[in-house]
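First comes the structure, then the notes that go with it.
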Ligand code: UGA
């Protein structure tokens with residue numbers, strides 16, 4: 001099939017390359033000319049394992065092209081995927097739908113024949129219905145320009161696998177058994193043939209599936225981090241607690257790692273947008289618990305700064321602190337709402353001399369926090385340090401030798417914000433090892 005993918009950020013670039021991989025002809029569109037030039041030459045402007053190879057493979061095969069022209073996209077595509085971002089509004093908890101609206105406004109006037117526009121972005125419930133009306137009103141094809149909602153559940157770091165082998169597909173349709181469903185089934189035929197579960201539903205439910213999924217994941221993380229607070233007060237160990245809970249299949253062990261909590265471009269803004277939308281719908285009470293989820297998450301960052309202060313003898317002023325990790329999670333160069341960088345910046349505000357190192361996120365970190373200190377390796381960051389903070393659990397950090405590192409630092413003190421290092425190994429090498437939620 002001939003597909004277009006509008007918006008070539010994380011979601012769009014991955015979707016475009018994966019749709020080419022399953023056999024479609026794909027045209028990616030973005031309004032950013034530099035991004036399109038990079039993608040057209042086979043370069044991905046962010047770090048995602050395997051994506052650059054997949055993209056380059058299909059640019060070379062001719063199955064994947066890029067453009068900045070909506071007229072060309074409209075002419076080319078049988079199905080158009082909208083993959084633009086829905087960031088948090090500045091100074092408000094709600095989602096900014098400017099880009100989502102702009103896709104409809106820019107594409108619709110070129111739609112003269114029956115077409116399907118498929119939204120993949122995370123949007124407040126009610127958006128698809130509004131967009132479907134707008135599309136039919138603005139498109140010369142009228143009601144033959146249809147909309148469907150097909151939320152995306154990919155994780156950064158696993159984006160290709162999550163797209164090619166998703167847990168489930170969700171099709172939100174304006175009318176049941178519509179032409180839209182037939183087209184979507186054709187697009188995803190290789191995945192459906194493999195037995196991928198499919199839920200076909202209405203617009204509102206499809207939109208809510210995504211909001212609910214991210215709210216649940218955030219809640220699970222904050223639940224274990226709330227337990228970490230109780231562990232800290234009672235001398236218990238949250239990692240053992242979490243392990244013991246995980247054997248109950250009703251609970252499960254995934255997303256139950258206590259530590260510095262969640263960040264990134266999705267979970268924090270999505271739970272806030274969800275609360276804002278619930279308030280608009282008059283059911284704010286239904287989601288008040290998400291306020292607690294958000295608050296627990298933020299308190300972990302406060303606690304990290306406090307523990308750092310404690311470890312430095314009660315005063316951060318002039319202390320040298322190594323921060324390992326800047327990305328919001330490993331295998332990503334994304335620093336949006338990164339707990340690691342947030343803690344690094346707060347330590348600096350308290351007068352500490354901070355040196356940050358991250359395997360992939362250095363450029364993005366420098367752009368966001370130009371005044372922080374940066375080092376070229378974890379060892380360089382640790383040189384002369386009074387304290388080392390492990391804030392993003394890259395494998396590279398777990399592989400370091402604590403014996404060798406002990407010679408580099410001024411004081412061998414490790415604060416593990418991700419409960420990902422082996423305490424015995426570090427203590428055995430002469431380090432003071434402390435972590436969130438553990439004695
Ligand atoms: C999240 C969801 O997991 C995806 O399903 C969803 O599609 C995506 O948002 C989105 O809405 O686009 P992502 O933001 O890539 O994916 O990251 P996650 O793997 O969910 O991690 C989020 C944060 O939670 C990270 O900061 C991570 O360090 C933290 N986390 C995760 C924990 O603190 N503890 C855990 O046990 C798991």
Gain upon complete extension [residue 422, residue 376; 0.36 nm per residue less C-alpha separation]: 14.1 nm
Ranked 30, 177, 105, criterion: other C-beta atoms within 10 Å, fewest first: 177, 105, 30
Cα gyration tensor shape of the stretch 19-113, rounded if a/c is under 1.5, else prolate or oblate by comparing a/b with b/c: oblate
Alpha-carbon centroids, the stretch 114-163 and the stretch 237-314: separation in whole Å: 30
Cα gyration tensor, the stretch 303-435 - rounded (a/c under 1.5), prolate or oblate: oblate
Three principal axis lengths of the chain [C-alpha, angstrom, descending]: 70, 48, 41
Cβ-based exposure ranking for 134, 434, 300, in which fewest neighbours within 10 Å come first: 134, 434, 300
Longest to shortest principal axis, alpha-carbon extents of the stretch 211-294, angstrom: 42, 27, 24
Gained length - residue 281 relative to residue 194, 0.36 nm times residue gap less alpha-carbon distance: 27.5 nm
Residue among 228, 213, 108 with the largest mean-square fluctuation in a Gaussian network model of the chain, springs linking Cα atoms under 10 Å: 213
Cα→Cβ-extended label distance, 7 Å offset, between residue 429 and residue 92, nm: 5.0
If the convex hull is drawn through the Cα atoms of the stretch 132-257, its volume per residue in Å³: 147
Fraction of antiparallel bridges per DSSP, the stretch 2-196 only, in percent to nearest 5: 10
Length released on extending from residue 240 to residue 105, taking residue separation times 0.36 nm less the Cα-Cα span: 43.3 nm
Computed E for residue 67/residue 167 - FRET, C-beta separation, R0 25 angstrom, nearest 0.05: 0.20
Mean residue ellipticity (222 nm) of the chain, computed from DSSP H runs ≥ 4 via -39,500 (n - 2.57), nearest 500: -13500 deg cm²/dmol
Fewest-first ranking of 394, 324, using other Cβ atoms within 10 Å as the exposure measure: 394, 324
DSSP-defined beta bridges in the chain - what % are antiparallel, rounded to 5: 5
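Throughout, read-outs are computed from the coordinates displayed, never taken from laboratory work. What you are looking at is a predicted structure, and each value in this text was computed from that prediction instead of being measured. Positions of Cβ are backbone-derived with ideal geometry, glycine not excepted, and every protein chain shown enters the neighbour counts.
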